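Following: one structure in structure tokens, then a few remarks.
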Amino acid sequence: MHSLSPKITIALDGYAACGKSTLARDLCAALEYSFIDTGAMYRAVTYWILRQGISLDPNRPWIQILKDVPFVWHVADGIFRITYNGLDIETEIRSMEVSSRVSDVAAVSGIRAFLVRQQQLLGREGGVVLDGRDIGTVVFPDAELKLFVTADTEIRVNRRLAELIAKGTPVTRADVKANLDERDLIDSTRQDSPLQAAPDALWLDTSRMDRVQQLRIVLGRAQELVDKRGWSASRSVVVP
Ligand code: DC
């Protein structure tokens, strides 16, 4: 699907709170690529469904329904933004209410079909880093660089807890752990596009690595691929 073009596509998949989005942002800053936060898109649909109070009947014509919902997903200055009815919904989509329902929403095939298509349209020019669960397997199976990101459970819980507390969300450690465990289970056992590593993904355990180390490894790998296969990246990769 993705032809050899000047800009490559980087797929980051893995369990919740492994540090994918931080790594994605760092990569985008280093490469001047665009970040596509696909989890945020599932969260936006979840927010809308909760707001409408409609059931998750898998037989609804979800593609038809969702195409009329006034979402706008776009990348501005390298930052991935979602608006609904013209309003930025970043805070709303990160709530615990949305977090506790998003995996059920993401298990509905019609909803996935709609969002996968949107993601393919957003990333079709290359020069993108996509963070999600099925990027290297379904959305961009021909991505030039695929990573499967992991981290120890304790570390993931601590990171997510710190993020939520910093935003002033009233939450306990037990709530965060229960939410991550539940989402990982649903995300990796659902029938449609379960979370799994692409066979050609590079595994990256971020448990004991800081941001700079992670970035160095991935940029090094991107440079190797570009050199080996003769792709020319948008500009040469500079390792900090
Ligand atoms: O990355 P995140 O934790 O914000 O993602 C929220 C949920 O969306 C996650 O629990 C599973 C779902 N998701 C998915 O099924 N496929 C994706 N490509 C991205 C997210």
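Any number yet on Rg/Rh for the range 19-103, C-alpha, Kirkwood? Numbers along the way, then the final one.
Details: Rg = 14.1 Å, Rh = 14.0 Å.
My calculation puts Rg/Rh at 1.01.
If amide hydrogens are placed 1.01 Å from N in the peptide plane, which non-local residues have theirs closer than 5 Å to the one on Leu202?
Under 5 Å from the amide H of Leu202 lie the amide H atoms of Lys146, Leu147, Phe148, each far enough along the sequence or on another chain.
Roughly what % of DSSP beta bridges within the chain run antiparallel, to the nearest 5?
Numbers: 8 of 26 bridges.
Bridges in the chain are about 30 percent antiparallel.
Here are some pairs, Lys20/Lys177; Lys20/Lys146; Lys146/Lys167; Lys20/Lys228; which of them have Cα atoms lying more than 21 Å apart in this structure?
From the list (Lys20/Lys177; Lys20/Lys146; Lys146/Lys167; Lys20/Lys228), the Cα-Cα distance tops 21 Å for Lys146/Lys167; Lys20/Lys228.
Based on C-alpha coordinates, I'd like the Rg and Dmax of the chain, in Å.
Gyration radius and largest Cα-Cα distance of the chain: 17.4, 52 Å.
Once you list every other residue whose beta carbon is under 13 Å from the beta carbon of Pro194, what net charge do they have if Lys and Arg are +1 and Asp and Glu are -1? If you can, show how the numbers build up before the last one.
Details: positive: Arg112, Arg133, Arg183, Arg190; negative: Asp13, Asp134, Asp184, Asp187, Asp192.
Around Pro194, the charge tally is -1.
Computed FRET efficiency, Cβ-Cβ of Lys67 and Arg124, R0 22 Å: what is it to the nearest 0.05?
That pair, Lys67 with Arg124, gives E of 0.80.
Enter the Cα centre distance for the pair the range 21-55 and the range 94-154, rounded to the nearest angstrom.
8
Taking only the alpha carbons of the range 49-151, what extent do you get along each of the three principal axes, in Å, biggest first?
In descending order, the Cα extents are 40, 32, 31 Å.
Taking square-rooted eigenvalues a ≥ b ≥ c of the alpha carbon gyration tensor, is the range 154-216 rounded, prolate or oblate, where a/c under 1.5 means rounded and, failing that, a/b exceeding b/c means prolate?
Oblate, because a/c is 1.5 or more while a/b does not exceed b/c.
Step by step: find N for the range 102-153, compute 2.2 N^0.38 Å, then divide the Cα radius of gyration by it. What's the final number?
1.23
Using a Gaussian network for the chain with springs between C-alpha atoms less than 10 Å apart, which of these wobbles most: Tyr33, Tyr84, Tyr42?
Tyr84
Each reported figure results from applying straightforward, stated rules to the coordinates on display, with no laboratory input. The structure presented is a predicted model; accordingly, all values stated were derived computationally and were not measured. In this analysis, Cβ positions are derived from the backbone assuming ideal geometry, glycine residues included, and neighbour counts consider all displayed protein chains.
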